[in-house]
1. Could you give the length gained on full extension between Val35 and Arg146, defined as 0.36 nm per residue of separation minus the Cα-Cα distance, in nm?
2. Ranking request for peptides 176-188, 140-152: highest mean number of other beta-carbon atoms within 10 Å first, then the rest in descending order.
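Bear in mind these aren't lab numbers, they're just calculated from the coordinates by the rules spelled out. Because the structure is a prediction, the values reported are computed rather than measured. No Cβ is skipped: glycine too gets one built from the backbone with ideal geometry, and neighbour counts run over all protein chains shown.
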Amino acid sequence: MAAALRVAAAGARLSVLASGLRAAVRSLCSQATSVNERIENKRRTALLGGGQRRIDAQHKRARVQQLTATSASQLQAILLPQPPEYLGLQGKLTARERISLLLDPGSFVESDMFVEHRCADFGMAADKNKFPGDSVVTGRGRINGRLVYVFSQDFTVFGGSLSGAHAQKICKIMDQAITVGAPVIGLNDSGG
């Protein structure tokens, strides 16, 4: 009888334990979804750089909008005969648009998309002054099938200004390029 009571008590404890385990697994699954959602939201924010309003400001003229929809070979044909006209435009391409035109389609792999500056001075610690990617887009891709590493300063975030995180992102891809013997291409668009 005592053995039967011990078995019944152990069974009850196992049942409670299993119930608690199921609840913990459900909680972890919902937390994982929440983490995945937060990562996806942050990725979408990073892709907008300094935000849609600033991107729109960079696309002020129809000529720039035409260039963003143009292939690299067509772009070269447009720009080479008349660089002074293009350079005089007020509108500009965004960092990702410039990378997209430079590299083979679909070959760009961005790195450190979620890096943010670490400056706490001048009110920079406020969330409204934090942008995923911190004013530079870095990664690797291919040009005519050849591996290259690239960075493109993002003028929509603080005018593309250099920060510690910005510099570290550039140095990181330079180190990676040295390791594999690939060239580094920098697309500069910065206020300083």
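1. 36.4 nm
2. Sorting 176-188, 140-152 by mean packing, highest first, produces 140-152, 176-188.
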